[in-house]
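To keep things clear, I will list the structure first and then write my remarks on it.
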Amino acid sequence: MKNLIGKNRRRSFCLFFLLQTILIPLASQELASEPDLSSYSARTEELVKKADELKLYDDDLWRILLLYEKSLGGTKSIITSKEFFLSENGQKNPRDEMLTDIRAFRQSKNVADFPARFKFLKEKLSDSDSDFPEIFDRDYAEIKKTVNPTSVYLVYPSGFMQNPASMFGHTLIVFHDENKSRLLGQSVTFSARNTENPGIIFALKGLFGLYSGDFVIEPYSKQILKYSDMDKRDIWEYKLRLTDDQIDMLLRHSIELSRAHSKYYYISRNCTAGLMLLLESSFPNENLSKELGEMAEPVEAIKILHKKNLIDGEPIFRPSLHTEILLEKSELNSQLAKAVKSYCKGKITLETLLEKAESDEEKAKCLKLSVDYLKHRLSAGKLSQSDYQKRIMPVFKAMTKFKFSAQNFTSNDFPHESHDSHKIAFSFGVDDGEIFEKLSFRLVNHDLIDEDKGLNKNTQLDFFTGAFSFYQGRGGLNGFSDINEAEEIGQKIQIDKILFCDILSLPVSDSYFFNKALEIVCGMERTQFSAEQDFLAFRFKGFSGASFKIWNANQFYALAGVDFYAHPDFDTRTDPLFGLECGLLTTSGRWKQSLFALAEQGIFKNDGTHGKEGLIGFEEIKNRNRLRLFLTVEERLTLTRNTALSAKYTFGGDYKTYKHKGELTAHFNF
């Protein structure tokens, strides 16, 4: 034992001697020396020179990260906020911005603001951690640790026809930690900075880029509340096929863009265009924005990602609160559904409601429907918070006595399987004895009579449509003495319409929900000027009403409003008509039928008289003067996802002149 202690003492003495004679003097010498700043600066300039020689500023990913686009004057970023660039010329000069960024990052400046650029430069310029130390990136590392994204989902809330800003739907991405619910993930979306109520004014200002657009990061649960519960929009979640490194770059790029602003355009640079710009940081070689084009439609973006095999598996369906209520109500008989509504409105007690149910299963379904309908009435502003608490608490208490199985809502009505948006159609028909051919087109999106798989049911959302007809003359050329007479009297090419928008929204109303139906038409369309003459005039039509299901396959609607025309040849330069419109839609698989009737009463005679004499009086109304009537029947058979055939018959006219028109049409979507 003593020998062991002696040995330990000798070892301690040797160690002490080593510290005194060798290590301490070395440490003192290190502390006394000055940092070699000149060497560090020289290395920085070496990296700057290397980046310049490699022309990394022309790298696709660098231009994606700073959102550079080619313009008439050269290159310019779409980002308008100055703080997004470290160089004064950064918005227009990718080279200056890159070299300035390298110098800043080498001094540990701005790395927290631009983690994607930091990663890009580190990977491209050096394998040594000393050039771009990992500690510089510690702020991003803390964020990533909190979010812990193991997968990313593209989320598509379906279109909301009662809000012009959301008619086409919306897109966002969600970073998901697979150890937690997706509701706890963080979402990223590009949206207009709008302090007004969304509506027609929002859409018009958005068309001309009068809003600033922001990339917003917020909890996904907040998006669910907005789109699913309040806006009655079903949600589809598509898992993206991403590697860990791609997820990392996407999160970094999202953080960078959350500090940036750019102009927002309703059609071309909207939520979907912003999403594709964001995703390009993970897929720099896929040209996502270029393939999307100038008409940035949410569903088309999903189709592009599907075509490129960038989506993993089938989407997950998340029904809106509105859809859940309809499905739950359909499982009850009409008496119980009515009783649930009465309880939620405070007309009967919960005990009375449950007495009407014959089994525990029915009672459980009544309680579940009560919870969801009360939640809807609260979010819709039809119920105060105090009344909500007063009615919901007894329901929760009663639910403890029953068993509830997990509800699994599914749907195979996938948005990416809908028909393509652009369309061209060729028609052949007879118009009051005259043979005609017609060419029509649609830039976007969907006709009422189109197959609506993957889209809002029984709606029409047409933008930038047109039609041109070629009339051959009565009986063809044989009906005239020579070709000159045929050209003068019968043969002609005419523009039937060029419309900016033709929108018809027919959400179904029932005993639980009243949903306003809406029709808006705006553009140039041919109209009658007299019994013998018609011409192209400006048209604005605004109708509203309601729509109801009659049977499962049939939907009826009725609308009323004003149909307004303007042209210099009208006696008062305008021709307003007040009208009523109704229709019946029937769908059975690939076959769809539309019955449509319109009655409008004009208020001006348009016979050359002016002032009071030019107004339609009661006697003229009785005599059907200026009564415009149309009755239309259309049948459509879908052949493939993008092709269809239709037959259409119309009887109608104005100025007591009514005629028949029939046509056969081949439709091609692309």
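Some points to look at:
- Top-ranked residue in region 107-149 [being part of a helix (DSSP H, G or I) and of a type in the set (G, A, S); ranked as farthest from the chain's Cα centre (by Cα)]: A141
- Which numbered condition E619 misses (of (1) without any contact (Cβ under 8 Å) to a residue 40 or more places away in the chain; (2) acidic (D, E); (3) in contact with a strand residue (DSSP E or B) (Cβ under 6 Å, 6 or more places away or on another chain)): (3)
- Scanning region 43-61 for residues that are open to solvent by less than 90 Å² (accessible area, probe 1.4 Å) and closer than 13 Å to I102 by Cα returns R43, T44, E45, L47, V48, K50, A51, D52, L56, Y57.
- The helices (runs of 4 or more DSSP H) falling completely within region 288-401 that include 3 or more residues that are over 29 Å from the mean Cα position of the chain (by Cα) and surrounded by fewer than 21 Cβ atoms within 10 Å (Cβ to Cβ) map to 334-344, 350-356, 360-379, 385-399.
- From the options F578, F596, residue that is part of a strand (DSSP E or B) and either among the acidic types (D, E) or open to solvent by 60 Å² or more (accessible area, probe 1.4 Å) (or both): F578
- Any chance L326 is among the hydrophobic types (A, V, I, L, M, F, W, C), at negative phi and touching a helix residue (DSSP H, G or I) at 6+ places or on another chain (Cβ under 7 Å): no
- Whichever residue in region 607-640 is assigned to a helix (DSSP H, G or I) and charged (D, E, K, R) and, among such residues, is most open to solvent (accessible area, probe 1.4 Å): K612
- Meets criteria (at pLDDT below 95, touching a strand residue (DSSP E or B) at 6+ places or on another chain (Cβ under 7 Å), closer than 23 Å to N552 by Cα and open to solvent by 40 Å² or more (accessible area, probe 1.4 Å)) for T410: yes
- Test: Q472 is open to solvent by 20 Å² or more (accessible area, probe 1.4 Å) and farther than 30 Å from I311 by Cα: yes
- Test: residue in region 131-144 that is out of contact with any Gly (no Cβ under 7 Å at 6 or more places or on another chain), farther than 26 Å from L310 by Cβ, open to solvent by less than 20 Å² (accessible area, probe 1.4 Å) and in contact (Cβ under 8 Å) with a residue 60 or more places away in the chain: yes
- Pick from region 69-100, criterion under 21 Å from Y265 (Cα atoms) and in a helix (DSSP H, G or I), ranking: least open to solvent (accessible area, probe 1.4 Å): F84
- Every condition in (1) closer than 30 Å to N642 by Cα; (2) assigned to a strand (DSSP E or B); (3) at pLDDT below 95 holds for G473 except the one numbered (1).
- Among the residues making up region 36-68, a single one is modelled with pLDDT under 95 and outside any helix (DSSP H, G or I): D36.
- If you go through region 641-670 and keep only what is over 30 Å from N606 (Cα atoms) and either open to solvent by 80 Å² or more (accessible area, probe 1.4 Å) or hydroxyl-bearing (S, T, Y) (or both), you end up with R641, T643, L645, S646, L664, T665, F668, F670.
- Sole exception among (1) surrounded by 15 or more Cβ atoms within 10 Å (Cβ to Cβ); (2) over 30 Å from V508 (Cα atoms) for G159, by number: (2)
- So T587, is it more than 15 Å from L504 (Cα to Cα) and part of a strand (DSSP E or B): yes
- Note on region 208-236: residues that are closer than 14 Å to V188 by Cβ and open to solvent by less than 40 Å² (accessible area, probe 1.4 Å) total 6.
- Among the residues of region 443-453, those identified as open to solvent by 10 Å² or more (accessible area, probe 1.4 Å) and either under 24 Å from W591 (Cβ atoms) or not in a strand (DSSP E or B) (or both) are N445, D447, L448, I449, E451, D452, K453.
The values are calculated or read from the model by the stated rules, or taken from the named source; none is laboratory data. The model shown is predicted, which means the values in this text are computed figures rather than measured ones. Ideal geometry is used to build each Cβ from the backbone, glycine not excepted, and the neighbour counts take in all protein chains shown. Note: accessible area is taken over every heavy atom of the protein model, side chains too, but ligands, DNA and RNA are not part of it. Shrake-Rupley method; radii C 1.70, N 1.55, O 1.52, S 1.80 Å.
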